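Student: So that we are looking at the same thing, I have put the structure below in structure tokens.
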Amino acid sequence: MNFDKVQVLQKLQQTGMVPVFYHKDAEVAKQVIKACYAGGVRAFEFTNRGDFANEVFAECVKFAANECPELAMGVGSVVDAPTAALFIQMGACFVVGPLLNPDVARVCNRRLVPYVPGCGTVSEIGMAQELGCDVTKVFPGETYGPDFVKAVLAPMPWSRIMVTGGVSPDEENLRAWTKAGAFCVGMGSKLFPKDRVEAADWQYITDQCRRSIDFISKAR
């Protein structure tokens, strides 16, 4: 791991945006990571969504260490403790999941690695905080909307909420989440249109990242 827990949390907050991406081809993934980094991204979530995803991730972490020295590489779509341990061993600086699993929290806490679990209720968010999660993820974001984030922060203003699902790289969307009080947002398919990736249009991705970070900064 290149960065400790405090540094990772700072990166999430400073940019306010985390790309969420998976590709079975490590070379494609590397180019996407580099394009995001050029656009100002400093925390990247590679999702554990395919066979041998861990092997692709391992290659990407080594690549990022050389080509993107300020980038914290994290892993997403983690639902169990063994998977979290595997990716931490391979250099994951943070772990994200679609659900809350206390066993994952224990593994991450033992290594002082931020764990961002998916939560859908105020009680789940509270439980995650009791388990030591500094940031909780509202997922799927489009189901809840910015009003949910705003409502949670009213009685629990100390909460740091990451929103994933339903986040798009346009000003209106990013402004709504930011104004609601989101700590940061995770952005996947809308940031990486399939046709652009297939066409190797890396400049498009760089531009999208740069604009998104700028929109979030203005909304703050």
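The values are calculated or read from the model by the stated rules, or taken from the named source; none is laboratory data. From a predicted model like this one, the values you see are computed outputs, not experimental measurements. Glycine also receives a Cβ, built like all others from the backbone with ideal geometry; neighbour counts cover every protein chain displayed. Heads up: the accessible areas ignore ligands, DNA and RNA and are worked out on the full protein's heavy atoms, side chains in. Shrake-Rupley method; radii C 1.70, N 1.55, O 1.52, S 1.80 Å.
Student: Under the condition of being touching a helix residue (DSSP H, G or I) at 6+ places or on another chain (Cβ under 7 Å) and assigned to a strand (DSSP E or B), which residue from the stretch 9-26 is most open to solvent (accessible area, probe 1.4 Å)?
Tutor: Only one residue tops the list, namely Phe21.
Student: So which residues in the stretch 163-180 are more than 13 Å from the chain's Cα centre (by Cα) and either open to solvent by less than 30 Å² (accessible area, probe 1.4 Å) or within 16 Å of Gly97 (Cα to Cα) (or both)?
Tutor: Once the filter is applied, which keeps residues that are more than 13 Å from the chain's Cα centre (by Cα) and either open to solvent by less than 30 Å² (accessible area, probe 1.4 Å) or within 16 Å of Gly97 (Cα to Cα) (or both), the stretch 163-180 yields Gly166, Ser168, Pro169, Leu174, Trp177, Thr178, Ala180.
Student: Something else now. Got a sec? Which helices (runs of 4 or more DSSP H) wholly within the stretch 32-146 have at least 3 residues that are open to solvent by less than 30 Å² (accessible area, probe 1.4 Å)?
Tutor: The helices (runs of 4 or more DSSP H) meeting that bar are 53-67, 81-89, 102-110, 122-130.
Student: Here's a follow-up. Check off (1) closer than 24 Å to Gly91 by Cα; (2) touching a Lys or Arg at 6+ places or on another chain (Cβ under 8 Å) for Val167 and give me the number that stays unchecked.
Tutor: The one condition Val167 does not meet is (1).
Student: Mind checking which residues of the stretch 171-203 are more than 24 Å from Pro157 (Cβ to Cβ), without any contact (Cβ under 8 Å) to a residue 40 or more places away in the chain and not basic (Lys, Arg)?
Tutor: Matches in the stretch 171-203: Glu172, Ser189, Pro193, Asp195, Glu198, Ala199, Asp201.
Student: Can you name every residue in the stretch 71-96 that is over 18 Å from Ala29 (Cβ atoms) and in contact (Cβ under 8 Å) with a residue 40 or more places away in the chain?
Tutor: Passing the criteria: only Ile88.
Student: So, one more: Going through Arg160, Arg210, Arg196 one at a time, which residue ends up being open to solvent by 20 Å² or more (accessible area, probe 1.4 Å), within 17 Å of Ala38 (Cα to Cα) and under 17 Å from the mean Cα position of the chain (by Cα)? Give the derivation first.
Tutor: Details: Arg160 fails: within 17 Å of Ala38 (Cα to Cα); Arg196 fails: under 17 Å from the mean Cα position of the chain (by Cα).
Among Arg160, Arg210, Arg196, only Arg210 is open to solvent by 20 Å² or more (accessible area, probe 1.4 Å), within 17 Å of Ala38 (Cα to Cα) and under 17 Å from the mean Cα position of the chain (by Cα).
Student: Go through (1) of a type in the set (Phe, Trp, Tyr); (2) touching a helix residue (DSSP H, G or I) at 6+ places or on another chain (Cβ under 6 Å); (3) open to solvent by less than 20 Å² (accessible area, probe 1.4 Å) and name the single condition Trp202 misses.
Tutor: (3)
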